[in-house]
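Colleague: Can you keep this structure in mind? I'll have questions shortly.
The values are calculated or read from the model by the stated rules, or taken from the named source; none is laboratory data. Please read all numbers here as calculations on a predicted model, not as lab measurements. Note that each Cβ is placed from the backbone with ideal geometry, even for glycine, and that neighbours are counted across all protein chains shown.
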Amino acid sequence: MLYKVQVLGLPERWNNFTVFSSEVSRLVLLSGRGRTHGSIWGVPPFLEGIFRATLATTMTTSYFYSYIETTSYSTVFTITIRHRQSAYSLTGEWWESDDGKNWGKVTDASGRDNQIYSCWNSRVCEERVWDGCCSPTGCFGFNACAASYSVGPQSPTASQLSTTLTANGRQVVRIGTPIILYFRANESIVASAGTTSYTITGSNTKCIDYGDTCVKQYMEWGRTYELQAIELVDWDTGEVYASLNQTSVTFNINANTIVRFKYVLKESWSKTWEVIIWTSPPPSNPADCQEILNSALPGTDKWCACAKLLNDERYKDICRGTCRAYFVVNFYPCCSEGRKRECVQSWSGPGVSYHTPSYDCDNPPAPQEITLDVQASWEPAPGWRYDDWGWNGDGVSCSLTVTGNSASGRCKAEIPPSKSALIVIIFKRG
């Protein structure tokens, strides 16, 4: 049986028999029973004679070796212990909801985002040629606000309400720049909402084109909000750890905290009315009526006027035979040089109107003179100033007095038939 030196744990250089024989004078390998049973690389000369003389049988011996690899494992545990602060910060927020589910934080100075949408006529005003300027070509052709939305007063105002949202008697909510208060650790805090409800009012206006008639629709509205809950929010994690349906909450402060005052819509109201801005005169040319009868909606003033003019048999079935005559006067600013609204910073010129009671279209009443008082005011934009005024309208006469940034006067007309007038305030640079 041959053994290699690395198996027996002997120097590897002894694999070379020349080296082995030069360094080792005697090496005897013993079995477990103390008998000689082999050599390392080859049988040394001093053993060969013994094996030749005594080895008579072949024996197989099995040896089992066990190898153990030692592996070291290490586990690192990181334990974070929050250092106890000596003081904590506190701020407040004001939130609103119209349905109790979708919430938004009130952030602007008025308490709401005001939105103003305007549509302005871009017709050219040159010098005193006002009669061809800013005249209506349809509902949205007026040099006026075609659609607008604005938020009116809030009671109490946003700033007044904010002063009533407190922590230990100190204001904690401010619109715009937040307020941050500091309190000692574990200090008792009383968060209180002094205002439990408030009301917001606003208005909407828009122009509606009914074909023969253009009206301006006004809507006023109001909404009342009521305190629903006060929430305590961990400022660092965003976790809501308290929400109570009461006007004040008492707690010991041990975290940077947001006090959230939440108001939900309780009730709302609105009312709507319309003012006639412009009514087209009834057609008088039979050549125009054929197209109107084919394209206009049956029953409109224009359609019925044409049906009557052409003796259309549908007139009695569709047209009810009742009419009303209107007298409408409107104010509009007009910027020279083809500009839009840039000549005025603010403008107030409400339209006025009058209409007769209903009458039989086939038997109109005798014309009567109607007088309407009109007024407007404005604030010119920088670099602009008032220049002149004028009006247009068949069968209408107007007089006006301009003083500073306001004008007042009256317009007269005999109705029926319906009459309309447009008073234009012209501005120029300088």
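Colleague: Select from the stretch 237-251 the residues that are modelled with pLDDT of 95 or more and over 22 Å from SER97 (Cβ atoms) and write down the one among them that is surrounded by the most Cβ atoms within 10 Å (Cβ to Cβ).
Modeller: Ranking the candidates gives PHE251 first.
Colleague: Let me ask something additional. Take LEU309 and tell me if it is over 49 Å from the mean Cα position of the chain (by Cα) and either crowded, with 18+ Cβ neighbours inside 10 Å or modelled with pLDDT under 80 (or both). Reasoning before the result, please.
Modeller: Working: over 49 Å from the mean Cα position of the chain (by Cα): yes; either crowded, with 18+ Cβ neighbours inside 10 Å or modelled with pLDDT under 80 (or both): yes.
So LEU309 fits the description; yes.
Colleague: Looking only at the stretch 412-430, which residues are assigned to a strand (DSSP E or B) and over 45 Å from the mean Cα position of the chain (by Cα)? Steps first, answer last, please.
Modeller: Step one: of the stretch 412-430, the residues assigned to a strand (DSSP E or B) are 412-415, 419-429.
LYS412, ALA413, GLU414, ILE415, listed by residue number.
Colleague: Could you name every one of the strands (runs of 3 or more DSSP E) located completely within the stretch 129-236 that has at least 1 residues being modelled with pLDDT under 90 and in the same structural domain as TRP94 (by TED's automatic domain parsing)?
Modeller: Values: elements: 147-155, 165-167, 181-184, 187-193, 197-209, 213-234.
Answer list for the stretch 129-236: 147-155, 197-209, 213-234.
This table checks each residue for (1) of a type in the set (A, V, I, L, M, F, W, C); (2) over 38 Å from the mean Cα position of the chain (by Cα); (3) surrounded by 12 or more Cβ atoms within 10 Å (Cβ to Cβ).
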position: TRP347; (1), (2), (3): yes, no, yes
position: TYR359; (1), (2), (3): no, yes, yes
position: VAL374; (1), (2), (3): yes, yes, yes
position: ASP387; (1), (2), (3): no, yes, yes
position: GLY393; (1), (2), (3): no, yes, yes
position: SER406; (1), (2), (3): no, no, yes
